[in-house]
Amino acid sequence: MTQTSISKVPELSPRERLIIALDVSSSLEALSLFEELKGEVGAFKVGLQLFSAEGPEIVRTLVERGAKVFLDLKFHDIPNTVAMAAVEAAKTGAWMLNVHASGGSEMMRRTADEVHEFCQRSSLMPPKLIAVTVLTSTDSQMLHEIGVTRDLGSQVVELAKLTERSGFDGLVASPREVPIIRNAVNTDGFLVVTPGIRPTSATKDDQKRVTTFAEAITNGADYVVVGRPITKALDRVNAVRELLS
Ligand code: C5P
């Protein structure tokens, strides 16, 4: 397999490419992690756990304090519902939002149209819209379990092409799949965001398709999301510095 290009945002430093997952259950813990790590990393991710606990207010608070926020709610519903939810999410000031690519092109196109129209009307910078291809906790057995008979790589590539055709800014995929994605998409600046990062292969938690931070960047990822290896470390600042070095 040949890799046509590496990262599409080459001007970013490793630090700017690192997004910390604030997978905690309260604003207090989230803001404490933010204050501890804000000088060390590029952005913070608010996912389902924190959002279910604290709602959009935590996103607004982080944005007010100067954070770039990736709002990781992985929307997947009928096109109108996802598009309207994405407009509400954009109102929080989030820098990046996502949906599941398996929701289909109509869902993604409608979302992109509504969010861009709203942001233009409100003179807001539109958030980066990205789509999850196949979760990094999924393996081929799990894909078969839900009726997907294509192999995992082909499924990722087909969803990547669908995302590109639907006017989205990029996608989320396993760091291992970045080379095949870079081969399959042509849009300049198409973003690839990769979770599933572990310092070594020893501690994977529930992630299955993992690499190290350095491998992910070398493979061509633009942004890398890391949660537990940093947030559960005894010395978090040191854990970030080790990861980046
Ligand atoms: O703790 P860990 O580093 O595994 O956290 C990874 C984060 O990235 C989690 O918040 C998870 O929800 C998210 N994520 C993922 N796989 C995707 C999309 C998002 O692991 N495909």
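Please find, within segment 134-156, the residue that is farthest from Ile181 (Cα to Cα) out of those that are more than 17 Å from the chain's Cα centre (by Cα) and aliphatic (A, V, I, L, M). Lay out the reasoning, then the answer.
Narrowing segment 134-156 to residues more than 17 Å from the chain's Cα centre (by Cα): 139-155.
If we keep only those that are aliphatic (A, V, I, L, M) too, we end up with 142-143, 146, 148, 152.
Working: Met142: 21, Leu143: 19, Ile146: 23, Val148: 19, Leu152: 12 Å.
Here the answer is Ile146.
Could you please let me know if Thr200 is crowded, with 20+ Cβ neighbours inside 10 Å, modelled with pLDDT under 90 and away from the ligand (no atom under 11 Å from the Cβ)?
Taking the combined requirement at face value, the residue does not satisfy it.
Check segment 13-26 and report whether any residue there is within 16 Å of the ligand (Cβ to nearest atom) and acidic (Asp, Glu).
yes
Based on this model, can you work out whether Glu158 counts as charged (D, E, K, R) and either away from the ligand (no atom under 15 Å from the Cβ) or crowded, with 22+ Cβ neighbours inside 10 Å (or both)?
On the way: charged (D, E, K, R): yes; either away from the ligand (no atom under 15 Å from the Cβ) or crowded, with 22+ Cβ neighbours inside 10 Å (or both): yes.
Spelling it out, Glu158 is indeed charged (D, E, K, R) and either away from the ligand (no atom under 15 Å from the Cβ) or crowded, with 22+ Cβ neighbours inside 10 Å (or both).
Any residue in segment 214-234 that's free of Cβ contacts under 8 Å to residues at least 24 places away in the same chain: show its pairings with residues that are part of a helix (DSSP H, G or I) and of a type in the set (A, V, I, L, M) at Cβ separation under 6 Å, as long as the two are six or more apart or on different chains.
Cβ pairs passing all conditions: Ala233/Ala239.
Looking at the structure I just gave you, is Ser102 in contact with a Leu (Cβ under 9 Å, 6 or more places away or on another chain), open to solvent by 60 Å² or more (accessible area, probe 1.4 Å), within 16 Å of the ligand (Cβ to nearest atom) and closer than 26 Å to Ile180 by Cα?
Yes; evaluated as a whole, the condition is true for this residue.
Of all the residues that make up segment 205-224, how many are in a loop (DSSP other than H, G, I, E, B), within 15 Å of the chain's Cα centre (by Cα), more than 10 Å from the ligand (Cβ to nearest atom) and within 22 Å of Glu242 (Cβ to Cβ)?
Final tally of qualifying residues: 2.
Could you say which residue among Val172, Val224 is at pLDDT 90 or above, touching a Lys or Arg at 6+ places or on another chain (Cβ under 9 Å) and under 22 Å from Glu106 (Cβ atoms)?
Selected residue: Val172, the only one of Val172, Val224 that is at pLDDT 90 or above, touching a Lys or Arg at 6+ places or on another chain (Cβ under 9 Å) and under 22 Å from Glu106 (Cβ atoms).
Please indicate, with yes or no, whether at least one residue in segment 165-176 is over 20 Å from Leu97 (Cα atoms) and surrounded by 24 or more Cβ atoms within 10 Å (Cβ to Cβ).
Within segment 165-176, none of the residues are over 20 Å from Leu97 (Cα atoms) and surrounded by 24 or more Cβ atoms within 10 Å (Cβ to Cβ).
Kindly evaluate Leu18 against the criterion of being touching a residue at least 12 places away in the same chain (Cβ under 8 Å), aliphatic (A, V, I, L, M) and in contact with a helix residue (DSSP H, G or I) (Cβ under 6 Å, 6 or more places away or on another chain).
Judged against the criteria, Leu18 is not a match.
Yes/no matrix, rows are residues, columns are (1) of a type in the set (Lys, Arg); (2) within 16 Å of the ligand (Cβ to nearest atom):
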residue	(1), (2)
Met125	no, no
Ser140	no, yes
Glu145	no, no
Thr163	no, yes
Arg176	yes, yes
Asn183	no, no
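Looking only at segment 117-136, decide whether some residue is surrounded by 13 or more Cβ atoms within 10 Å (Cβ to Cβ), touching a residue at least 60 places away in the same chain (Cβ under 8 Å) and among the hydroxyl-bearing types (Ser, Thr, Tyr).
Yes, segment 117-136 contains a residue that is surrounded by 13 or more Cβ atoms within 10 Å (Cβ to Cβ), touching a residue at least 60 places away in the same chain (Cβ under 8 Å) and among the hydroxyl-bearing types (Ser, Thr, Tyr).
In segment 225-245, which residues are assigned to a helix (DSSP H, G or I) and open to solvent by 40 Å² or more (accessible area, probe 1.4 Å)?
Arg228, Arg236, Asn238, Arg241, Glu242, Leu244
The values are calculated or read from the model by the stated rules, or taken from the named source; none is laboratory data. Since we're looking at a predicted model, the values are computed, not measured. Using ideal geometry, Cβ is built from the backbone for each residue, glycine included, and neighbour counts are taken over all protein chains shown. Ligands, DNA and RNA are excluded from the accessible area calculation, which covers all protein heavy atoms including side chains. Shrake-Rupley method; radii C 1.70, N 1.55, O 1.52, S 1.80 Å.
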